[in-house]
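These notes are about the structure you will find just below.
The values are calculated or read from the model by the stated rules, or taken from the named source; none is laboratory data. Just so it is clear, the model here is predicted, and its values are computed rather than measured. Methodologically, a virtual Cβ is constructed for each residue, glycine included, from the backbone with ideal geometry; neighbour enumeration extends over all protein chains shown.
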Amino acid sequence: MERPAAQVKLLLGWMASLADPTRLRILRAIEQQELGVAELCDVLQLPQSTVSRHLKVLADEGWAGSRAQGTTRLYRIAPELDPAAQRLWQVAREQTQAWAAVRQDQLRLGRLLRERRGSTEAFFAGAASQWDRLRDEFYGTAFTAQAMFALLPESSTVADLGCGTGQAAACLAPWVGKVIGVDSSAAMLKAAKSRVEGLSNVELRRGDLTAIPIESATCDAAVLSLVLSYVAEPEAVLKEMARILKPGGRAVVIDLLPHDREDFRRQMGQHVLGFEPDRIRLMMQAAGIDATRFMSLLSGEKVKGPALFLSAGCVAV
């Protein structure tokens, strides 16, 4: 007996909350768009005290939900109405469709939304010339790279070859199943170990890149970032890179484009003055990597080193 009685009480509460033309107009408006009290006052042409009083009734009866945005509270029709309440609201909506007040509300709501869009468009029109600066100033630059990492399959095993201090491994770790960092330098691996501490899916191994300490066909992707310029046998390294990749595995090589800065080469301890695009393609193809993409990478304003390239391909399936 208690359950039917509770249902009747609930129904009567819903009906009472809808038994007011102002509350019906409010619900029609916030069903279409999330609105603040001031905006509802504009749409309904009613004082704030009246709108606030009716919003409280609707919120108390479960018709309206709200969230804070700064100092403003925005209202929207409750996203998960009881099925019985939904049916009741459908009847109320249909019966109020032809109200003159509702048509007027719709016109004012349309004008409000056009003004919102206009203010956004005006902002971007004025900010276009300085948008990059504003975005970097307010949000930084890391989120773009993080969004790109999120495109990687979560189960991937990625080899960071010539991992150095573990910067790439640390960036990749949150987004993939496993990262294997390989480097021949004990000092670099010590720094990498400190950087990836706490990342349980990163494994560091010491080894020569001409004999990578990873089993054949076990990696979904492999990266050689600023590595080939330091090795005496780049062809051998690329063949090892291909060996550890699964069929269809992705290979990414980032390194220097040709330059004439001998002083830079000596300072950085590199073997060569960069790589011609055709040479990289041929070396990757000879290693069994179909180099499908090659592009020059734009450097930042304060970058002092030679320009870089990115070459990407995959091992045949």
Going through segment 17-31 in order, the residues found to be surrounded by fewer than 16 Cβ atoms within 10 Å (Cβ to Cβ) and either among the hydrophobic types (A, V, I, L, M, F, W, C) or more than 14 Å from TRP99 (Cα to Cα) (or both) are ALA19, GLU31
Identity of the residue in segment 179-232, acidic (Asp, Glu) and out of contact with any helix residue (DSSP H, G or I) (no Cβ under 6 Å at 6 or more places or on another chain), that ends up farthest from PHE309 (Cα to Cα): GLU197
Kindly check whether there is at least one residue in segment 260-270 that is touching a strand residue (DSSP E or B) at 6+ places or on another chain (Cβ under 7 Å) and either part of a strand (DSSP E or B) or more than 30 Å from ARG133 (Cβ to Cβ) (or both). no
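Residue-wise test of (1) on the phi < 0 side of the Ramachandran plot; (2) modelled with pLDDT of 85 or more; (3) surrounded by 10 or more Cβ atoms within 10 Å (Cβ to Cβ).
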| position | (1), (2), (3) |
| --- | --- |
| GLY62 | no, yes, yes |
| PRO79 | yes, no, no |
| ARG87 | yes, yes, yes |
| ALA92 | yes, yes, yes |
| TRP99 | yes, yes, yes |
| GLN106 | yes, yes, yes |
Do we find a residue being farther than 25 Å from PRO277 by Cβ, out of contact with any Cys (no Cβ under 8 Å at 6 or more places or on another chain), in contact (Cβ under 8 Å) with a residue 12 or more places away in the chain and not hydroxyl-bearing (Ser, Thr, Tyr) anywhere in segment 233-252? yes
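A quick yes/no check of all residues on (1) surrounded by fewer than 17 Cβ atoms within 10 Å (Cβ to Cβ); (2) in contact (Cβ under 8 Å) with a residue 40 or more places away in the chain; (3) among the acidic types (Asp, Glu); (4) over 16 Å from SER225 (Cβ atoms):
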site: PHE264; (1), (2), (3), (4): yes, yes, no, yes
site: LYS302; (1), (2), (3), (4): yes, no, no, yes
site: GLY305; (1), (2), (3), (4): yes, yes, no, no
site: GLY313; (1), (2), (3), (4): no, yes, no, no
